[in-house]
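The values are calculated or read from the model by the stated rules, or taken from the named source; none is laboratory data. As the structure is a prediction and not an experimental result, all values here were calculated from the model. Every residue, glycine as well, gets a Cβ built from its backbone with ideal geometry; the counts of neighbours run over all protein chains shown. SASA here: full protein model, heavy atoms, side chains in, ligands and nucleic acids out. Shrake-Rupley method; radii C 1.70, N 1.55, O 1.52, S 1.80 Å.
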Amino acid sequence: MKRLLTVQDISCVGKCSLTVALPIISAAGVECAVLPTAVLSTHTAFPKFTFHDLTGEIAPISSTWKELGLAFDAIYTGYLGSFEQLALVEKLFDDHRGENTFIAVDPAMADNGKLYKGFTPEFARAMGKLCAKADLILPNLTEAAFMLGEEYREEYDEEYVRALLVRLCGLGCRRAALTGISLEDGKIGVYAFDSATGEYFSYFNEKLPVAYHGTGDIYASAAVGAYTRGLPLNDSLALAVDYTLECIRKTMQDPDRVFYGVNFEEALPLYVDRLRSL
Ligand code: PXL
């Protein structure tokens, strides 16, 4: 079985970061090791939350794994809370990167033109430096703009998306996949670029007239989980689009839905079935 390490916070309630990554990656048939970077009572979109920083744990946990000879097929980072954590995670990549370790960075820090609470444009630029170490980065348009120090654009065309992807790979990563891309009414999906081959890839599915919190973490976990399981990368990016759509559909149908996250749990059969059949 493949072993993936994910590095992000644990928001006790809120359906994001580790509470989403663990079940999805496990459902992919991949062992999901975790390195929690902070414990929060909820994610930061709630009006009130606690935040217990675990930065001090990163180096000792990492060096103990190294002494034990533990290795990872993939490392996937999500929400990171401070400049110090970015530096420690960069070192973690260097210390645990084997010849075939796949490194994915989801720079989870912004959406809809705005940074999440507690983040600054300087932090976004520093996250851009961490992206240099990745084989794949998975930003949305807001995160991409902040990392590149550019203005966020609500209106865009395919030419802009392609040029933005080239600039993202200019950060130093081999591949970039922009999430939440909509180039025609009623469609949304992913647009990706592989700087090593010069190839673009895009995949779209239905855009429903709703927006829910936490879909970025679901998308990244599903894509990285599927790829680590052995699916080709473009198929993994497409499956994650279909799975995220199914999560949104299930949420819309769910009379008991919560305001803070999507029903990713009841959409898991689609993800697992597709992984089995591909
Ligand atoms: O979904 C991204 C995310 C992860 N972790 C924390 C967050 C958020 C988004 O708001 O607050 C703590």
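Structural remarks
- Spin-label pair Ala71-Ser182: with each label point 7 Å from Cα along the Cα-Cβ axis, the two points sit 4.5 nm from one another.
- Residues of type lysines that Lys207 reaches as a straight line, Cα spacing below 25 Å, ignoring anything fewer than 8 places off in the same chain: Lys15, Lys114, Lys187, Lys250
- Per DSSP, loop trypsin sites (Lys or Arg not before Pro) in the stretch 93-128 with at most 12 further Cβ within 10 Å: Lys117
- Dimensionless Rg ratio for the stretch 31-148, taking C-alpha atoms and the 2.2 N^0.38 Å reference: 1.08
- Averaged over residues, the count of other Cβ atoms within 10 Å places the peptides 39-46, 138-145 in the sequence 138-145, 39-46, highest first.
- The stretch 118-180-the stretch 91-117 distance, computed between alpha-carbon centres (Å): 12
- Here, P(r) means the percent of Cα pairs in each 10 Å bin from 0 to the largest distance; for the chain it is 7, 31, 39, 20, 2, 0.
- For the options Asp135, Asp94, Asp235, a Gaussian network treatment of the chain with springs between C-alpha atoms closer than 10 Å singles out Asp94 as fluctuating the most.
- Remark: the stretch 3-275 carries a charge dipole of roughly 340 debye about the Cα centre, counting +1 on each Lys and Arg Cβ and -1 on each Asp and Glu Cβ.
- Shape call, the stretch 133-278: gyration tensor on alpha carbons, a/c limit 1.5: oblate
- Sorting Thr244, Thr19, Thr197 on solvent-accessible area from highest to lowest, probe radius 1.4 Å, gives Thr197, Thr19, Thr244.
- Among the chymotrypsin sites (Phe, Trp or Tyr not before Pro) in the stretch 234-278, those located in a DSSP loop and surrounded by at most 15 other Cβ atoms within 10 Å of their own Cβ are Phe259.
- Of the trypsin sites (Lys or Arg not before Pro) in the stretch 1-79, the ones in a loop by DSSP (not H, G, I, E or B) with at most 15 other beta carbons within 10 Å are Lys48.
- Bridge orientation summary for the chain: considering DSSP beta bridges with both residues in this region, about 45 percent are antiparallel.
- Taking only the C-alpha atoms of the stretch 94-134, the Rg (one decimal) and the largest Cα-Cα distance, Dmax (whole number), read 12.8, 37 Å.
- When the chain is treated as a Gaussian network with alpha carbon springs shorter than 10 Å, the biggest mean-square fluctuation among Arg249, Arg175, Arg229 belongs to Arg249.
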